[in-house]
Amino acid sequence: MYVVLLTYTAPIEEIDYVLPDHADWLTKQYEHGNFLASGRRNPRIGGVIITRPMARGKLDAILATDPFSVKHMAGYEVIEFSPTRTAPELRLINEAVVH
């Protein structure tokens, strides 16, 4: 699984202009089953995405289609982790824990 930290590289006024397109992109990723959670960072310097397990190349390809990426308005730090404990609500998506 991955945690993706987005950091804005453009002024917040420009981010706000592209935000509806980014929200549509997020919706599509949830519909395709790629993302588990997302939201703004506090303070508002970017965002956070938690993904389902997938190949790193697939995630990189997905992130490259984010309008913030296409318009060079955010940087992405991808943190891979292997969850060894999961809340009961998330056990079905954690491939590392025997069900």
Keeping every protein chain present and rolling a 1.4 Å probe, give me the accessible area per residue for the chain in Å².
63 Å²
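Could you pull out the trypsin sites (Lys or Arg not before Pro) across segment 5-68 that fall in loop regions by DSSP (anything but H, G, I, E, B) with no more than 11 other Cβ atoms inside 10 Å?
On the way: sites: 28, 40, 41, 44, 56, 58; in loops: 41, 44.
Taking segment 5-68 and a limit of 11 other Cβ atoms within 10 Å, the loop trypsin sites (Lys or Arg not before Pro) found are 44.
What shape does the chain take by its C-alpha gyration tensor, where a ≥ b ≥ c are the square roots of the eigenvalues and a/c under 1.5 counts as rounded, a/b above b/c as prolate, and the rest as oblate? Don't jump to the answer; show the numbers that get you there.
Working: a/c = 2.16, a/b = 1.98, b/c = 1.09.
Cα axes put the chain in the prolate bin.
What chymotrypsin sites (Phe, Trp or Tyr not before Pro) in segment 1-84 are in a loop by DSSP, with at most 14 other Cβ atoms within 10 Å of the Cβ? List each step's numbers first, then the result.
Numbers: sites: 2, 8, 17, 25, 30, 35, 68, 76, 81; in loops: 81.
Those that pass, being in a loop and sparsely packed, are 81.
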In the chain, carbon and sulfur make up what percent of the accessible area (probe 1.4 Å)?
56 percent
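Which value, in debye to the nearest 20, gives the size of the charge dipole of the chain about its Cα centre, when Lys and Arg are +1 and Asp and Glu are -1 at the Cβ?
Working: 10 positive and 12 negative charges, 69 e Å.
Once rounded to the nearest 20, the dipole reads 340 debye.
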Could you tell me which residue out of 83, 68, 43 lies farthest along the dipole of segment 27-99 toward its positive end? Charges go on the beta carbon: Lys and Arg +1, Asp and Glu -1, centred on the Cα centre.
43
Dipole of the chain [Lys/Arg +1, Asp/Glu -1 at C-beta], most positive-end residue of 10, 57, 92
92
Does anyone have the angle between helix 12-31 and the longest principal axis of the chain? Alpha-carbon axes, 0 to 90°, nearest 10?
30 degrees
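The values are calculated or read from the model by the stated rules, or taken from the named source; none is laboratory data. Quantities reported herein were computed from a predicted structural model and do not represent experimental measurements. Here Cβ is always computed from backbone atoms with ideal geometry, including for glycine, and neighbour counts include all displayed protein chains. Surface accessibility is based on the protein's heavy atoms, side chains included, excluding ligands, DNA and RNA. Shrake-Rupley method; radii C 1.70, N 1.55, O 1.52, S 1.80 Å.
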